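This report concerns only the one structure given below.
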Amino acid sequence: MELIYPINFVGHDEWMESEYALDLAGGDVITRDGEVLGSWRVVEYDPEDDQSSGRYEFVLDGQDVVLLTGEFAHLDYRISRGLVLSTLTREIREWHEAQPT
């Protein structure tokens, strides 16, 4: 798997291509260097409802602590989902860069 972005949401494309299958609504969050930071998941949405809203959650690696979230208006409204994913990605990157080495 090629990690081309500073922060990568593994499995996100497959989830979207599946038409939002519940069993694919999550995966690892990995840096370009291969460091696993945690996982992402989408909650509070109904894949049977085209107007369903939901929330991305970033969960710390090895924990069940939701560190960051982002709510979107509609799954199929790419601007809303894309903006939230972009903002969440930036927040994860800023959090990661602020961690002591």
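The values are calculated or read from the model by the stated rules, or taken from the named source; none is laboratory data. Here the structure is a predicted model, which means the values were calculated and not measured. Ideal geometry is used to build each Cβ from the backbone, glycine not excepted, and the neighbour counts take in all protein chains shown. Side chains are part of the model used for accessible areas, which takes the heavy atoms of the whole protein and leaves out ligands, DNA and RNA. Shrake-Rupley method; radii C 1.70, N 1.55, O 1.52, S 1.80 Å.
Worth pointing out:
- For Y5, the conditions (1) among the aromatic types (F, W, Y); (2) within 16 Å of R81 (Cα to Cα); (3) in a loop (DSSP other than H, G, I, E, B) all hold with the exception of (2).
- When the test is whether a residue is in contact (Cβ under 8 Å) with a residue 60 or more places away in the chain and open to solvent by less than 50 Å² (accessible area, probe 1.4 Å), V29 passes it.
- Considering residues of the stretch 63-84 that are in a strand (DSSP E or B) and under 24 Å from R32 (Cβ atoms) only, the residue least open to solvent (accessible area, probe 1.4 Å): G70
- Between T101, T87, the distinction of being in a loop (DSSP other than H, G, I, E, B), without any contact (Cβ under 8 Å) to a residue 24 or more places away in the chain and either among the basic types (K, R) or within 26 Å of E2 (Cβ to Cβ) (or both) belongs to T101 only.
- Some residue of the stretch 33-40 being over 11 Å from the mean Cα position of the chain (by Cα), modelled with pLDDT of 90 or more and of a type in the set (S, T, Y): no
- Flag if S52 is surrounded by fewer than 15 Cβ atoms within 10 Å (Cβ to Cβ), hydroxyl-bearing (S, T, Y) and out of contact with any strand residue (DSSP E or B) (no Cβ under 7 Å at 6 or more places or on another chain): no
- All positions within the stretch 43-61 that are more than 14 Å from the chain's Cα centre (by Cα) and free of Cβ contacts under 8 Å to residues at least 12 places away in the same chain: D46, E48, D49
- Taken over the stretch 11-21, the residue count meeting the criterion of being of a type in the set (D, E, K, R) and either assigned to a loop (DSSP other than H, G, I, E, B) or in contact with a strand residue (DSSP E or B) (Cβ under 7 Å, 6 or more places away or on another chain) (or both) is 1.
- Annotation note: of L88, L24, L60, L37, the sole residue that is touching a strand residue (DSSP E or B) at 6+ places or on another chain (Cβ under 9 Å) and open to solvent by 20 Å² or more (accessible area, probe 1.4 Å) is L60.
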